[in-house]
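The values are calculated or read from the model by the stated rules, or taken from the named source; none is laboratory data. All values derive from a computational prediction rather than experimental measurement. Positions of Cβ are generated from backbone atoms using ideal geometry, with glycine treated the same way; all protein chains shown enter the neighbour counts. In case anyone asks, the SASA skips ligands and DNA or RNA and just uses the protein heavy atoms, side chains included. Shrake-Rupley method; radii C 1.70, N 1.55, O 1.52, S 1.80 Å.
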Amino acid sequence: MLLLGVLIIWTPFLLLVLSLVVTRLTGCTVDEARAQPCRIAGLDIGGLLYTLMMMGWLVIPLLPFMALTLIGAAVAGVLALFGIRWP
């Protein structure tokens with residue numbers, strides 16, 4: 001259940017990064033104004049890239065929760081490093 005919550009919190013950020021990577025690799029342009037045409041293998045994925053880019057706006061309200069997951073992971077890592085078991 002905890003893993004599902006972490007996945008839901010980080011999904012908008014991962015989709016934003018995916019859109020930036022695809023945009024960089026294909027040489028397409030994506031901006032906030034509108035969907036730009038982007039043809040890859042005969043398919044126009046400009047609308048999809050625009051949608052993925054707009055998921056970045058959901059990152060702003062989720063930043064505190066993303067920080068909590070990073071802090072929790074760091075605490076779990078330190079506990080595992082020193083062999084401390086959590087009940």
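Worth a mention:
- Scope region 37-67; condition more than 19 Å from the chain's Cα centre (by Cα) and open to solvent by 40 Å² or more (accessible area, probe 1.4 Å); matching residues: P37, R39, I40, A41, G42, L43, D44
- Residue tally, condition in contact with a Leu (Cβ under 6 Å, 6 or more places away or on another chain) and not in a helix (DSSP H, G or I), over region 12-37: 1
- Qualifying residue in region 67-77 (condition: within 26 Å of M1 (Cβ to Cβ), among the hydroxyl-bearing types (S, T, Y), part of a helix (DSSP H, G or I) and modelled with pLDDT of 90 or more): yes
- One residue alone among A80, A33, A74 is open to solvent by less than 70 Å² (accessible area, probe 1.4 Å) and not charged (D, E, K, R), and that residue is A74.
- Scanning region 78-87 for residues that are of a type in the set (V, I, T) and either part of a helix (DSSP H, G or I) or within 18 Å of the chain's Cα centre (by Cα) (or both) yields one hit, V78.
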